[in-house]
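The values are calculated or read from the model by the stated rules, or taken from the named source; none is laboratory data. As the structure is a computational prediction, the values presented were derived from the model and not from experiment. Heads up, the Cβs are rebuilt from the backbone with ideal geometry, glycines too, and the neighbour counts pull from every protein chain shown.
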Amino acid sequence: MSENSAPVLVTGGAGYIGSHTVRLLASQGRKIVVLDNLVFGHEGAVVDPEVELVVGDVGDQELLRSLFQKHRFGAVVHFAAYAYVGESVTNPLKYYQNNTAEPIKLLQVMQEFGCRVFVFSSTCATYGVPDRLPITEANTQNPINPYGRSKLMVEWVLRDCDTAWGLKSACLRYFNASGSSPDGRIGEDHDPETHLIPRVMMAVTGEIDSIEVFGTDYDTPDGTCIRDYIHVEDLADAHARALDHLAAGGDSVRCNLGTGVGVSVKEIIGAVEEVTGKTVPVKYGPRREGDPASLVADPALAKELLGWEASRKDVRQMVDSAWKWMSGPLNGRYPKNQSGS
Ligand code: UDP
């Protein structure tokens with residue numbers, strides 16, 4: 001990172017992946033401003049006193065202009081998005097508005113101010129049901145729900161902006177984010193929580209009666225779905241590298257962020273039992289609609305282009321890290337926000 005790098009605007013920096021990235025970027029000496037409307041974000045997740053938290057919407061161009069005027073950002077890292085797949089099916093316009101239309105408004109202001117570096121939270125959901133495994137960037141992107149499409153459309157917009165006005169972007173396609181910061185100060189706190197690892201832990205702590213396994217008849221070795229669980233701090237590291245790559249004049253990149261290791265639902269439950277020393281109450285249920293049997297990344301391109309590789313590949317490390325947060329002083333829940341929604 002260059003010594004005098006310009007401030008970075010991080011949208012959604014009070015969310016799960018955003019807050020871990022903000023902490024890393026700030027620890028590298030970068031000046032960070034977080035823009036978050038706190039609909040899903042947490043004031044308590046922005047822990048560094050030198051990081052300014054602005055409560056507002058990504059699509060509020062008046063606010064954006066005042067922020068760009070004041071800080072002259074050299075780059076934007078854009079996390080702010082909705083990410084409930086089921087809700088995206090029942091309320092698609094909410095997703096296209098928030099995940100597609102709002103970032104376009106942000107890009108318009110970036111163009112006005114000549115800011116040409118954009119790091120984008122994309123997702124393996126842009127691939128849909130993979131045409132081959134492991135998933136490389138050459139796989140067909142054919143998302144099967146509005147959430148995936150709302151993200152893929154932004155990838156297309158970013159390509160066109162590169163051609164038209166030289167916007168350099170990194171589309172980082174996350175697999176399954178997991179874990180927390182080693183000091184247990186920040187972690188995953190969604191409401192409602194739908195993700196597997198936190199829910200298995202909620203079954204351990206008694207917050208829910210049991211974990212329901214969605215489907216045991218998949219064409220996988222133990223019949224349950226396989227995913228690629230990637231530690232949130234490894235994701236954060238990839239964003240820092242993407243910023244450096246683009247700031248140094250590198251070309252736009254689109255790459256997968258995963259470990260390359262596939263782990264089944266049953267294996268996650270086993271890892272939670274091992275880490276917590278407790279038995280997980282399990283219920284076996286039907287498949288959840290829209291769940292591909294197996295999603296595993298080939299992360300080679302991120303290594304080639306960004307020099308990035310997951311530093312943790314054993315799922316017990318992710319589970320151990322997630323448990324530190326769940327069993328830590330906050331018990332996996334931030335205090336209620338004082339401002340915003
Ligand atoms: N899953 C499950 N029970 C739950 C939540 C998730 O069996 O209560 C399964 C889900 O079907 C998927 C995997 O766990 O195969 C990971 O789901 P999650 O929602 O965490 O992430 P996704 O892969 O859907 O983004």
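Condition check ((1) buried (at least 21 other Cβ atoms within 10 Å of the Cβ); (2) among the hydrophobic types (A, V, I, L, M, F, W, C)) across all residues:
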position: 248; (1), (2): no, yes
position: 266; (1), (2): no, no
position: 279; (1), (2): no, no
position: 284; (1), (2): no, no
position: 290; (1), (2): no, no
position: 320; (1), (2): no, no
position: 332; (1), (2): yes, no
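What number of residues within segment 210-221 are within 12 Å of the ligand (Cβ to nearest atom) and either on the phi > 0 side of the Ramachandran plot or assigned to a loop (DSSP other than H, G, I, E, B) (or both)?
Of the residues in segment 210-221, the ones within 12 Å of the ligand (Cβ to nearest atom) are 210-216, 218, 220.
Cutting the leftovers down to either on the phi > 0 side of the Ramachandran plot or assigned to a loop (DSSP other than H, G, I, E, B) (or both) gives us 210, 215-216, 218, 220.
Residues flagged as within 12 Å of the ligand (Cβ to nearest atom) and either on the phi > 0 side of the Ramachandran plot or assigned to a loop (DSSP other than H, G, I, E, B) (or both) within segment 210-221 amount to 5.
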Those residues that are surrounded by fewer than 16 Cβ atoms within 10 Å (Cβ to Cβ), of a type in the set (S, T, N, Q) and within 15 Å of residue 145 (Cβ to Cβ), I need them from segment 58-115; list them, please.
90, 91
The lone condition residue 165 fails out of (1) within 12 Å of the ligand (Cβ to nearest atom); (2) over 17 Å from the mean Cα position of the chain (by Cα); (3) among the aromatic types (Phe, Trp, Tyr) is (1)
Counting only residues that are assigned to a loop (DSSP other than H, G, I, E, B) and modelled with pLDDT of 95 or more, segment 120-143 contains a total of 13
Tell me, which residue of segment 168-203 that is within 13 Å of the ligand (Cβ to nearest atom) and of a type in the set (A, V, I, L, M) is surrounded by the fewest Cβ atoms within 10 Å (Cβ to Cβ)?
202
